[in-house]
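Readers should treat all values here as calculations from the given coordinates under stated rules, not as data from a laboratory. Please read these numbers as outputs of a predicted model, since none were measured by experiment. Cβ placement follows ideal geometry from the backbone for every residue including glycine, while neighbour counts extend to all protein chains displayed.
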Amino acid sequence: MKIWQCQQCGFEYDEAKGWPEEDIAPGTKWEDIPDDWSCPDCGAAKADFEMVEVG
Amino acid sequence: MKVVIVGTGVAGASAAIALRNEGHRGPITLIGSDPEDPYRRPPLSKDFLGGTMPVERTRLKPPTIWAEKEIELIKGANAESIDVGGKTIHLDSGQVLQYDQLLLATGGRPKVLKSEFMDMTHVYTLRHLRDVAPLRNELNAGSHLVVVGAGLIGSEVAATAKGLGVKVTILEAASAPIARLMPAWLGEKVASLHKDMGVKMVMNARIESFNQYEGGVRISMASGNRIDANAVLVAIGMTPNIELAANAEIEVADGIVVDAYGRTSQDSVWAAGDVANMENGFLGGRYRIEHWTNAQDHGVAVAKNILGQNAPYNPVPWCWSDQYGVSLQICGWPDASDDVGVRGDINSNSFLTFFHRKGRLVGSIAFSKPKELRAIRELIGKSPFISPELLSDPKVDLAELAKSQIEAEQFENKRNETAAIKDLVRER
């Protein structure tokens with residue numbers, strides 16, 4: 001499970017936790033998130049995220 | 001060329017990395033009074049204060065980056081004076097650094113109440129990483145936290161504390177929260193988020209005095225009310241750190257005065273971030289922006305200009321906040337508007353408002369609409385003459401609209417340019 005961080009605002013997407021607010025289930029891998037998904041905090045594009053930790 | 005940067009906040013640290021990434025090969029020294037490696041301030045009032053984010057995750061960059069990028073990082077050192085003639089900077093350690101180009105990213109410090117109040121135990125401010133642990137130690141379930149100031153930091157700390165089971169009261173001098181950034185009727189919306197969670201909101205609050213008692217502070221209000229707090233957070237804004245510049249006779253106003261490139265009044269001295277007083281290229285006048293996003297972008301922009309890229313920096317300011325799971329975002333200059341429109345249901349917790357001034361889109365405030373706000377932000381910067389009807393139409397996809405509008409605008413600009421060149425050629 002990996003953690004991806006928005007390079008614009010620092011928001012972190014943790015694959016283990018998912019993002020239930022937008023129906024992204026815990027365990028959802030980064031590559032399985034739709035390409036038009038955007039950062040819940042700042043609206044940055046999925047491409048603006050970088051992997052920061054391999055858990 | 002040797003570049004010295006004062007300030008290890010996001011503006012200074014981003015500038016240092018940008019210099020290297022843009023191909024600067026000479027020495028870079030990054031000095032700051034903070035004893036920590038550069039870190040992200042936004043989580044300090046949210047996840048990190050709440051205890052759900054470990055300290056490593058607050059780091060701006062992996063700790064190895066400074067060595068990898070050959071950036072000399074001097075932490076816990078105060079820059080005491082600048083000799084602009086001799087191009088040297090003097091640290092309190094006695095160290096003297098020579099520079100060819102100097103970037104001042106000195107940020108700010110919290111505004112405070114009377115020192116006799118601030119010096120009491122259980123009274124806190126929050127700006128630095130080191131401020132978090134003492135405040136967190138006070139946030140025990142059932143204790144009472146009084147937050148003075150309902151700006152972004154105050155509101156966020158209140159929300160975090162509430163999540164830890166703390167009793168929270170917010171005292172605000174204005175008539176609504178976040179009054180500096182949003183109109184009162186939207187501030188009311190933020191107030192109701194807090195009230196719904198059981199936070200006591202006291203607006204138009206006038207504090208008379210603080211009195212220390214064992215285990216807390218008694219606050220006396222001008223209304224005659226008394227409030228007993230186990231802890232008090234004073235979050236009433238920031239004061240820019242201009243003294244270093246002012247003492248070197250660099251022009252200061254509210255902040256260090258810079259041009260669109262980040263140059264100060266002194267040769268080879270630049271400024272960026274919270275401390276920089278810059279022109280508003282959209283609406284005129286001068287101002288400072290106290291947002292994370294600006295500090296980051298301004299640091300990078302000025303770094304590029306230090307390397308001679310000559311690109312003016314003209315941002316649409318924006319910020320985000322997170323309170324009780326609602327992501328709140330503000331961009332542009334809502335206070336400069338003469339018209340307001342709404343997209344979505346204002347009685348829900350997910351809607352967007354947008355502001356026009358003389359037909360021009362100048363600002364937006366969104367509750368949990370990050371993607372749409374980003375589209376509006378692009379429009380404000382690149383294609384702002386757009387009708388309110390279009391923006392409020394739920395059938396219009398704002399991201400698509402922004403993309404096509406901006407492309408059309410760029411096409412038009414290009415065509416005008418080409419026509420102008422053709423005219424020139426014809427004249428000859």
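Each label was represented as a point 7 Å from its Cα along the Cα-to-Cβ direction; for B:ARG415 and B:THR64 these points are 5.3 nm apart.
How much length is gained if the chain between B:LYS114 and B:SER223 is pulled fully straight, taking 0.36 nm per residue apart and subtracting their Cα-Cα distance, in nm to one decimal?
Numbers: separation 109, 0.36 × 109 = 39.24 nm, distance 1.94 nm.
Result: 37.3 nm gained on full extension.
Placing +1 at every Lys and Arg Cβ and -1 at every Asp and Glu Cβ, with all other atoms neutral, what dipole size does chain A have around its Cα centre, in debye to the nearest 20?
Using Cβ point charges on Lys, Arg, Asp and Glu, chain A gives about 140 debye.
Applying 1/(1 + (r/R0)^6) with R0 = 51 Å to the Cβ-Cβ distance of B:THR88 and B:ALA336 gives a FRET efficiency near 0.75. Each 20 Å bin from zero up to the one holding the largest Cα-Cα distance in chain B carries the following percent of pairs: 24, 52, 22, 2, 0. For a straight C-alpha distance cut-off of 12 angstrom, the aspartates and glutamates reachable from B:LYS2 (same-chain residues fewer than eight places away being disregarded) are B:GLU72, B:ASP100.
Only loop residues by DSSP count here, and only those with at most 16 other Cβ atoms within 10 Å; note down the GluC sites (Glu not before Pro) in the range B:165-257 that meet that. Intermediate values should be presented prior to the final figure.
Details: sites: B:GLU172, B:GLU188, B:GLU208, B:GLU214, B:GLU243, B:GLU249, B:GLU251; in loops: B:GLU172, B:GLU214, B:GLU249, B:GLU251.
In loop regions of the range B:165-257 (DSSP not H, G, I, E or B), the sparsely surrounded GluC sites (Glu not before Pro) are B:GLU214, B:GLU249, B:GLU251.
Ranking B:LEU104, B:ALA222, B:VAL6 by how far each Cα lies toward the positive end of the dipole of the protein assembly as shown (charges on Cβ) leaves B:ALA222 at the top. The equivalent ellipsoid that matches the C-alpha gyration tensor of the range B:320-418 spans semi-axes of 25, 14, 12 angstrom, in descending order.
With the simple spin-label model, which puts each label point 7 Å out from Cα in the Cβ direction, the B:ARG25 to B:ILE406 separation comes to 3.5 nm. Taken about its Cα centre, the protein assembly as shown carries a charge dipole of about 460 debye when Lys and Arg each add +1 at the Cβ and Asp and Glu each add -1 at the Cβ. Distance between the modelled labels on B:LYS195 and B:ARG426, one decimal in nanometres: 6.5 nm (7 Å Cα→Cβ projection). If you take the charge dipole of the range B:325-415 about its Cα centre, with +1 on Lys and Arg Cβ and -1 on Asp and Glu Cβ, which of B:SER348, B:ALA408, B:ILE386 is farthest toward its positive end? Farthest towards the positive pole: B:ALA408. The convex hull drawn around the Cα atoms of the protein assembly as shown, when projected onto a plane and averaged over every direction, covers 26.6 nm². Listed by chain and number, the lysines placed with their C-alpha closer than 30 angstrom to that of B:LYS200 are B:LYS46, B:LYS111, B:LYS114, B:LYS162, B:LYS167, B:LYS189, B:LYS369; residues fewer than eight positions away on the same chain are left out.
Value of Rg to Rh for the range B:234-338, rounded to two decimals, is 1.00; Kirkwood radius and Rg both from alpha-carbon coordinates.
When only alpha carbons are used to place a centre, the range B:66-86 and the range B:185-229 end up 42 Å from one another.
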